[in-house]
Amino acid sequence: MAVEIGQPAPEFTLPSQYGEQVSLSDYRGSKNVLVMFYPFAFTGVCTGELCTIRDRYTDFVNDDTVVLSISCDSTHTLKVFAAQEGLTHPMLSDFWPHGEVSRAYGVFLEDKGFSTRGSFVIDKEGIVRWAVVNGPGEARSADDYAAALAAL
């Protein structure tokens, strides 16, 4: 079951594509956070979604907001994927312990071994204010993210 709106977001610390440790609490009190779980780097729908964030970067990464995308890919895979697609936001690896953060957010598909498409808007106090969970092949709308962030 996915984390519910109005609940505190589960805390996590994961390595980025650059090997830096990034924690959700790094942004507490200073930025709203859009957390995007996605199945795999280099796949069609995932690439499309993340490139939309890249192309609309200032809508999602600014003085008030940061994007953290999370997959079960290794940091090495994420580094190559980010470089190939020109993605500069923190791309976090939930590789080991495998899917631990995805499980905490209720988006890990146990029978498949990866996370589905779950998105969570977390306010500066660490509370989930908006969420959507789609199946692995169902793209999400960046316009929905923008509207949810604008409502904060």
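Every number here is computed from the coordinates shown, using simple stated rules; none is lab data. The model shown is predicted, which means the values in this text are computed figures rather than measured ones. For neighbour counting, all protein chains shown are included, and Cβ atoms are generated from backbone atoms with ideal geometry for every residue, glycine included.
Details
- For LYS124, a cut-off of 22 angstrom between C-alpha atoms picks up these lysines, skipping any fewer than 8 places away in its own chain: LYS31.
- Tail fraction, Cα-Cα pairs, the stretch 1-124, threshold 22 Å, whole percent: 28 percent
- Other residues whose C-beta falls under 11 angstrom from the C-beta of VAL132 contribute a net charge of 0, scoring Lys and Arg +1 and Asp and Glu -1.
- Distance from the C-alpha centroid of the stretch 47-81 to that of the stretch 112-151: 13 Å, rounded to the whole angstrom.
- Formal net charge of residues neighbouring SER25 (Cβ-Cβ distance under 15 Å; K, R +1; D, E -1): -2
- Other residues lying with their Cβ under 13 Å from the Cβ of SER16 contribute a combined charge of -3, Lys and Arg counting +1, Asp and Glu -1.
- Restricting the calculation to alpha carbons of the stretch 5-60 gives Rg and Dmax of 13.2, 35 angstrom.
- Within the chain: Cβ-based charge dipole about Cα centre, in debye rounded to nearest 20 (Lys, Arg +1; Asp, Glu -1): 80 debye
- Eligible aspartates and glutamates near LYS79 by straight Cα distance, threshold 18 Å, same-chain separation 8 or greater: GLU20, GLU49, ASP94
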